[in-house]
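The values are calculated or read from the model by the stated rules, or taken from the named source; none is laboratory data. In this text, all values refer to a predicted model and were calculated from it rather than measured experimentally. Please note: Cβ atoms are built from the backbone with ideal geometry, for glycine as well, and neighbour counts cover all protein chains shown. Calculation scope for accessible area: heavy atoms of the full protein, side chains included, ligands and nucleic acids excluded. Shrake-Rupley method; radii C 1.70, N 1.55, O 1.52, S 1.80 Å.
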Amino acid sequence: MALTGLEIYKLLPKKNCRECGSPTCLAFAMQLAQGKGSLDACPYVSEEAKEKLGAASQPPIRLVTIGTGEHALQVGDETVLFRHDKTFFHQPPLAVTVYDDWEDARIQARLAELKAFSWERVGLVLRVDMVAVVHRAEEPGRLAAAAQMVQAALPYPLYLESAEAGAVEAALQAVGAGKPLIAAATPENWQAWVELAKKYGCPLVVSAEGLDALAELAEKVAAAGVKDLVLDSRPATLVQALTDQTQIRRLAIRKKFRPLGYPTLVRVPQGDAWQATAYAATLIAKYGGVLLLPAEVGIPNVLPLVTLRQNIYTDPQKPIQVQPGIYPVGEPGPDAPVLVTTNFSLTYFTVMSDVEASKIPAYMLICDTDGTSVLTAWAAGKFSAESIAETMDKFKLAEKVNHRRLILPGFVAVLSGKLQSLTNWEVVVGPRESAGLPNFLRARLSA
Amino acid sequence: MGVELQREKWVGRVTPVTLGATAAEGGTRGHTITVGGETTLPFLHFEGQMPHAPVTALEIWDMPPADWPPLLLDAFGDAVQDPVSWAKKCVDEYGARLLCLRLASTAPDGQNAPPEAAADTVRAVLKAVDVPLIVLGCGDFDKDNQVFPKVSDAAAGERVAIGIAEQNNYKSLVASCMMNNHVILSQAPIDINIQKQMNILITEMGMPPERILMDPTTGGLGYGLEYCYSIMERIRLGALQGDKMLAMPLIVFPGQESWRFKEAKEPESAAPQWGEQYTRAISWELTTAVALLQAGADVLVFRHPEARRQTERYIEAMMAPAGVEA
Ligand code: SF4
């Protein structure tokens, strides 16, 4: 809800002193209304005006930062209900839980597992992003010790949870500089948590049962000066969680309902790793913010979850691309077949897995088509005999293999003549659908 | 503070479709299965009705699948040698209430089994188990066009779902499904406009919308799931906004699209960083299914019985209007 130039003008000091660089206050206001310049340029603007103007330019869901430095996470600032309307912007952080009443050795084992769990997929690193340290131990100081252990082992931001603000305060004295997410302020005890969040500059979970109580609590906490909030509506069931998440998203985006204009927390219940996986998957698809995974959710469950998260948060307008180049599948030798295709990630992955399925080692020559599929790229002139020939030269394909034979996708069979005359390589037309590759490759090998 | 709940006022409804026919309806199935009827987005019980829970099927083949990994084949043992034993195992041991028979042996570049043999297999499976059946061809248009009419005749009266029909080969399948009172699977390549066009063409031939399931083309998790997810959401929104030609229930294939890829296929020895294969592979199929359910899936075809079972538990929890406490 942007303000008009005149509305902004009314809030300015009207000194026309030019210190902001504009000739008049009105001119400055007009600039701001167009989203140019910053209010800070006026040294005389009142606190009240700052607040009003700030509120008007706030996104419907606040962007909250958890942690510091390279591994800091941002969550919130979503603008749509459906990814096809634009895109979802900030992936929900996945936090794996450790309890402070575990033996040190058990905590260390969990951390080692998380450390090893990271791999690259189409240039993006998939991994768990946070560690949740939950206070359950009898000794009050144990949370601090466990948090320090985690921080020493992994660079990821922390989530610290306790029923007692005092236990979290003790932990913050040790790890507070890392700006962990702390939990949780409730309708009964929020003042103490507000003090903590302010003192350490940490984002804060506000937790109350049901949206009415939650909105009320969030408003109080925000009015007390803590704005980086994460909402926990404490749903009793997954159906209720889906309902709450849907309502919070609709209220924030459609109604600009400020009290619920924050990212959310999802506590995946303990008990059953399969249903916990399904629970987490549901709220990765539907509006979840920080996802707390229970201890029994292991790496084999997390693998599909981080992949789903990557899928759902892919910008529909910007398909993921693979770097052009020559990619080995299996361990190809100099006589291995060479298959040409485009750098659309989906095309690349599908072709790669079908070549893998053939069990015949091969090279894939990936051409730059701005991340479009074979037919789309061909229609747009981005996948042509010339561009394939250039890619062959650029990546010195002739030095990789001892033969001069290329396999071309069946959909662009029309390119084969020209490609053959441009390169003097033999061009073999492959199947139209990638699924036909295993049979095609095996048949060629036996021929 | 009173938070005003946001409820959409949808005007449309997903068309109910029934699979299978009991003796009373001219078939021999022990039960029928109805899907569709939703007047809201998935599981938003505060806003509308989901009169029929989404259903799960297990996939069986008429020949032992060559490219299924050992972990998946282990679930069925020797039963994969014979579609009748395989069907019985799925129903008796794994509790499947719906089966999806793939006539893989008819593929011209494989065994190239004749249409008559395929029809015999369908007859034998229908005789061996009394659950409703989905029958898939090998995917070769010309061959499917020879096989489908025979299958359709062999299953006359049983209201099986037959597919896949797509732009280039829907006509003969529609004709034979109409004649024998079957349900047709209408497929489009992740494209809402083609999907709608397909449904228009099929209904213009006289097929009632109550006998069409839409197959939006399933994308695998990590392999294009997001395209399929968004097309399904758009199709379902279209249905709720009143577009009858997008209102058919959606059928998807999480099993097929999970077990094709190495994330499910690789044993732990080949990919130690991904952890133990059983949990990983079942979670992969389950996670795919959950995402598809959240996008509006009505019928889901599985390969691994445990993935199907866990999805059933999930659906049951999601179908209780107030939810089930974890
Ligand atoms: S600096 Fe402030 S008071 Fe001076 S002209 Fe600019 S807006 Fe007006």
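For segment A:69-83, enumerate the residues that are within 14 Å of chain B (Cβ to nearest Cβ), closer than 13 Å to A:ARG250 by Cβ and either touching a residue at least 40 places away in the same chain (Cβ under 8 Å) or open to solvent by 40 Å² or more (accessible area, probe 1.4 Å) (or both). Steps first, please.
Filtering segment A:69-83 down to residues within 14 Å of chain B (Cβ to nearest Cβ) leaves A:80-83.
Within this subset, residues satisfying the condition of being closer than 13 Å to A:ARG250 by Cβ are A:80-82.
Result: A:VAL80, A:LEU81.
I need a count of the residues in segment A:197-237 that are assigned to a helix (DSSP H, G or I) and farther than 30 Å from B:ALA320 by Cβ. Reasoning before the result, please.
Keep residues of segment A:197-237 that are assigned to a helix (DSSP H, G or I), which gives A:197-200, A:211-223.
Still in the list and also farther than 30 Å from B:ALA320 by Cβ: A:197-200, A:219-223.
Within segment A:197-237, residues that are assigned to a helix (DSSP H, G or I) and farther than 30 Å from B:ALA320 by Cβ number 9.
Name the one entry in A:ALA213, A:ALA222, A:ALA218, A:ALA197 that is among the hydrophobic types (A, V, I, L, M, F, W, C) and over 23 Å from A:THR65 (Cα atoms). Lay out the reasoning, then the answer.
Values: A:ALA222 fails: over 23 Å from A:THR65 (Cα atoms); A:ALA218 fails: over 23 Å from A:THR65 (Cα atoms); A:ALA197 fails: over 23 Å from A:THR65 (Cα atoms).
It is A:ALA213.
For B:ILE202, the conditions (1) farther than 28 Å from A:ILE320 by Cβ; (2) open to solvent by 10 Å² or more (accessible area, probe 1.4 Å); (3) not acidic (Asp, Glu) are fulfilled apart from (2).
Selection of segment A:137-164 for residues being under 30 Å from the mean Cα position of the chain (by Cα) and closer than 27 Å to A:GLY225 by Cα yields A:LEU143, A:ALA144, A:ALA147, A:TYR156, A:PRO157, A:LEU158, A:TYR159, A:LEU160, A:GLU161, A:SER162, A:ALA163.
Scoring A:ALA398 on the criteria (1) open to solvent by less than 60 Å² (accessible area, probe 1.4 Å); (2) in contact (Cβ under 8 Å) with a residue 12 or more places away in the chain; (3) out of contact with any Lys or Arg (no Cβ under 7 Å at 6 or more places or on another chain) leaves a single failure, condition (2).
In segment A:271-282 there is at least one residue matching the filter, namely being of a type in the set (S, T, N, Q), in contact with a Phe, Trp or Tyr (Cβ under 9 Å, 6 or more places away or on another chain) and open to solvent by 10 Å² or more (accessible area, probe 1.4 Å). Taken over segment B:149-173, residues that are under 21 Å from B:LEU250 (Cα atoms) and at pLDDT 95 or above amount to 5. With the checklist (1) in contact (Cβ under 8 Å) with a residue 12 or more places away in the chain; (2) among the polar types (S, T, N, Q); (3) within 14 Å of chain B (Cβ to nearest Cβ) in hand, flag the one item A:SER353 doesn't pass. Among (1) in contact (Cβ under 8 Å) with a residue 12 or more places away in the chain; (2) among the polar types (S, T, N, Q); (3) within 14 Å of chain B (Cβ to nearest Cβ), the lone unmet condition for A:SER353 is (1). Restricting attention to segment B:247-267, does a residue exist that is of a type in the set (S, T, N, Q), over 21 Å from the mean Cα position of the chain (by Cα) and open to solvent by 10 Å² or more (accessible area, probe 1.4 Å)? Within segment B:247-267 (the criterion being of a type in the set (S, T, N, Q), over 21 Å from the mean Cα position of the chain (by Cα) and open to solvent by 10 Å² or more (accessible area, probe 1.4 Å)), the answer is no, since none of the residues qualifies. Restricting segment A:249-263 to residues that are open to solvent by less than 10 Å² (accessible area, probe 1.4 Å) and among the aliphatic types (A, V, I, L, M), the residue that is farthest from the other protein chains (Cβ to nearest Cβ) is A:ALA252.
Identify, please: which residue in segment A:117-126 is open to solvent by 50 Å² or more (accessible area, probe 1.4 Å) and touching a residue at least 24 places away in the same chain (Cβ under 8 Å) and is, among those, nearest to the other protein chains (Cβ to nearest Cβ)? Only one residue fits best here, namely A:LEU124. The set of residues in segment B:248-296 that are at positive phi and more than 7 Å from chain A (Cβ to nearest Cβ) contains only B:GLY296. Here segment B:297-314 is the region considered, the condition is being within 8 Å of chain A (Cβ to nearest Cβ) and either among the polar types (S, T, N, Q) or assigned to a loop (DSSP other than H, G, I, E, B) (or both), and the residue that is farthest from B:LEU213 (Cα to Cα) is B:GLN310. Looking only at residues in segment A:217-233 that are away from chain B (no Cβ under 14 Å) and not aliphatic (A, V, I, L, M), the one that is surrounded by the fewest Cβ atoms within 10 Å (Cβ to Cβ) is A:GLY225.
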